[in-house]
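The values are calculated or read from the model by the stated rules, or taken from the named source; none is laboratory data. Only a predicted model underlies this, so the values are computations on that prediction, with no experimental measurement involved. Positions of Cβ are generated from backbone atoms using ideal geometry, with glycine treated the same way; all protein chains shown enter the neighbour counts. Protein only, heavy atoms only, side chains kept; ligands, DNA and RNA dropped before computing areas. Shrake-Rupley method; radii C 1.70, N 1.55, O 1.52, S 1.80 Å.
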Amino acid sequence: MWVLMLAAAVPLAAQEPAEPQDTAEAARLRQQIEMRFHQIVRDRLALTDQQDAQLRATQEKFGAQRRDLMREQADHRQALDRQMQPGVAANPDSVQLHLQGIQRNQERLLRLQQDEDREMAGYLTPVQRAQYQMLRDRLANRLSELRRERQGGMGGPGMLGRPRVGGGMRPRAVPQQRPRRHP
């Protein structure tokens, strides 16, 4: 249910800012999403006031670092995407630089997540930490879906408004049949 509520606010937050004023709008929408997410977390995890205050502090501490790493990661991916355009000779040194940057950021994001989880272990139960991770993963997946939809869906243009490398559509997942229950 909360994902549907976020769906109305997220599409504008998911777009890349084209002009400086868009950055302020994206920040405002991000703040609204974060506030709503925090309220959902507080309710679902049944946080005490003390746990709530500690979680907010942890989110502020690690959230800024995560956003910086994600921005840097997006920059590397966009630069790599530009290098890998069909019909354009890629610069091997540049490709290597961006591949290493992506790898380094993935490692840093993992360490950041481990540090954040270690800090939360001081005031959340293991069940609360697992619930928090599940909620955060669901939000991240939903935001990714909304970004893809906004950028043209399965067969539309890539992240930068250009055709994807390879030019084809991504394969769709085949829906799995649920076993029938016999009464």
| So, in the stretch 76-134, of the ones that are open to solvent by 50 Å² or more (accessible area, probe 1.4 Å), in contact (Cβ under 8 Å) with a residue 60 or more places away in the chain and not in a loop (DSSP other than H, G, I, E, B), which residue ends up farthest from residue 48 (Cα to Cα)? | 82
| residue 137 modelled with pLDDT under 95, surrounded by fewer than 11 Cβ atoms within 10 Å (Cβ to Cβ), part of a helix (DSSP H, G or I) and within 20 Å of the chain's Cα centre (by Cα) | yes
